[in-house]
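Quick note: the coordinates plus some simple rules give every number you see, no bench work behind them. Because the structure is predicted, anything quoted here is derived from the model rather than measured. Glycine also receives a Cβ, built like all others from the backbone with ideal geometry; neighbour counts cover every protein chain displayed.
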Amino acid sequence: LAKTTQPISMDSYEGQEVNITCSHNNIATNDYITWYQQFPSQGPRFIIQGYKTKVTNEVASLFIPADRKSSTLSLPRVSLSDTAVYYCLVGDAYNQGGKLIFGQGTELSVKP
Amino acid sequence: GAVVSQHPSWVICKSGTSVKIECRSLDFQATTMFWYRQFPKQSLMLMATSNEGSKATYEQGVEKDKFLINHASLTLSTLTVTSAHPEDSSFYICSVPSTGELFFGEGSRLTVL
């Protein structure tokens with residue numbers, strides 16, 4: 001299972017775009033990249049998943065370069081409620097039965 | 001997506017007692033479920049893989065005799081913390097995989113006095 005490296009913490013202000021980059025140098029060919037959000041005392045919640053290039057949904061975008069050794073989660077116009085820990089996970093969830101290992105995550109603090 | 005429910009949400013027990021935590025997949029049959037543990041200000045640590053109809057698979061360093069896992073049906077997995085001690089106090093979270101995504105329960109906070 002590929003190891004991931006993220007910044008431990010980030011600060012932002014309401015209305016700004018936030019980009020969190022995750023490094024995963026030993027990503028395997030079949031691995032997907034998935035981002036989760038976790039609020040205190042709650043289970044993580046799925047944000048977005050991608051394999052290559054760019055993926056966008058109603059809450060975020062995920063940018064993956066051609067070499068796939070890193071990925072960037074982009075949160076447009078953050079609000080106070082986006083204050084949470086964000087985890088980047090890499091793995092072949094489809095063929096590994098969903099077994100994914102969490103890295104340290106990035107604690108995002110959004111200020112007024 | 002799949003809905004996963006954990007019970008209880010929080011539990012306080014005395015040292016030496018055993019505590020059972022349930023994880024239910026409400027709308028999806030799961031042959032596999034995962035149990036994680038999370039200490040304050042730390043990431044989730046995978047404890048074990050719960051397999052329906054067979055023994056659980058434990059991660060390195062996790063005591064299988066202390067953390068008993070039973071996956072009796074396709075919708076229920078239980079984690080029993082036996083002879084709990086204060087150092088077992090933590091946030092326990094289960095997850096269910098579905099179509100390449102993990103769906104997590106709300107978590108169960110265990111406090112051992």
Review point. So, in nm, how far is label A:THR5 from label A:ALA28 when the simple model puts each one 7 Å beyond its Cα toward the Cβ?
Key: 2.2 nm
Review point. What ³J(HN,Hα) values, in whole Hz, does the Karplus curve 6.51 cos²θ - 1.76 cosθ + 1.60 give for segment B:28-39 when θ = phi - 60°, with x put for Gly and Pro?
Key: 8, 8, 10, 7, 10, 9, 10, 10, 10, 10, 9, 8
Review point. So, in nm, how far is label B:PHE28 from label A:SER79 when the simple model puts each one 7 Å beyond its Cα toward the Cβ?
Key: 2.6 nm
Review point. So what's the projected area for the protein assembly as shown, the Cα convex hull averaged over all directions, in nm²?
Key: 12.2 nm²
Exercise for review: Find the cysteines in chain B that fail to meet the 4.7 Å Cβ criterion with every other cysteine, and list them.
Suggested key: B:CYS13
Study note, to complete from the structure: Inverse of <1/r> over all distinct C-alpha pairs of segment A:1-59, i.e. the Kirkwood Rh in Å, gives 13.7 Å
Exercise for review: Amide H neighbours of B:SER89 under 5 Å, at least 5 residues apart or on other chains, H built in the peptide plane: list them.
Suggested key: B:VAL112
Review point. Mind listing the phi-derived Karplus ³J(HN,Hα) values for segment A:52-58, rounded to whole Hz, using 6.51, -1.76 and 1.60 with θ = phi - 60°, and x for any glycine or proline?
Key: 8, 6, 10, 10, 9, 10, 6
Practice item. Could you calculate the FRET efficiency of A:ASN19 with B:GLU59 from 1/(1 + (r/R0)^6), where r is the beta carbon distance between them and R0 is 30 Å, rounded to 0.05? Key: 0.40
Exercise for review: Could you please state, rounded to a whole Å, how far the C-alpha centre of segment A:30-48 is from the C-alpha centre of segment B:20-77?
Suggested key: 18 Å
Point to revise | Mean projection area, nm², convex hull over Cα of chain A | key: 6.6 nm²
Study note, to complete from the structure: In Å, the C-alpha Rg and Dmax of segment B:52-94 are 11.2, 32
Revision key, fill the gap. Projected onto the charge dipole of chain B (unit charges on the beta-carbon of Lys, Arg, Asp and Glu, signs +1, +1, -1, -1), the Cα from B:SER5, B:GLY107, B:SER50 with the largest positive-side position is that of B:GLY107
Check your understanding: How far is the Cα center of segment A:56-82 from the Cα center of segment A:1-23, in Å?
Key -> 9 Å
Practice item. Could you list which residues have their amide H under 5 Å from that of A:ASP92, counting only those 5 or more apart in sequence or on another chain, with H placed in the peptide plane? Key: A:TYR32
Review point. Taking amide H positions as placed 1.01 Å from N in the peptide plane, with prolines and chain starts having none, which residues 5 or more places from B:CYS94, or on another chain, fall under 5 Å of its amide H?
Key: B:TYR36, B:GLY105, B:GLY107
Review point. Using the Karplus equation 6.51 cos²θ - 1.76 cosθ + 1.60 (θ = phi - 60°), what ³J(HN,Hα) coupling, rounded to whole Hz, does each residue of segment A:103-111 give in order, writing x for Gly and Pro?
Key: x, 6, x, 10, 8, 9, 10, 9, 10
Revision key, fill the gap. Set A:LYS99/B:LYS66; A:LYS111/B:LYS20; A:LYS69/B:LYS66, cut-off 32 Å on Cα-Cα distance; pairs above it are A:LYS111/B:LYS20; A:LYS69/B:LYS66
Review point. List the aspartates and glutamates whose alpha-carbon lies under 14 Å from that of B:LYS14, not counting same-chain residues fewer than 8 positions away?
Key: B:GLU87, B:ASP88
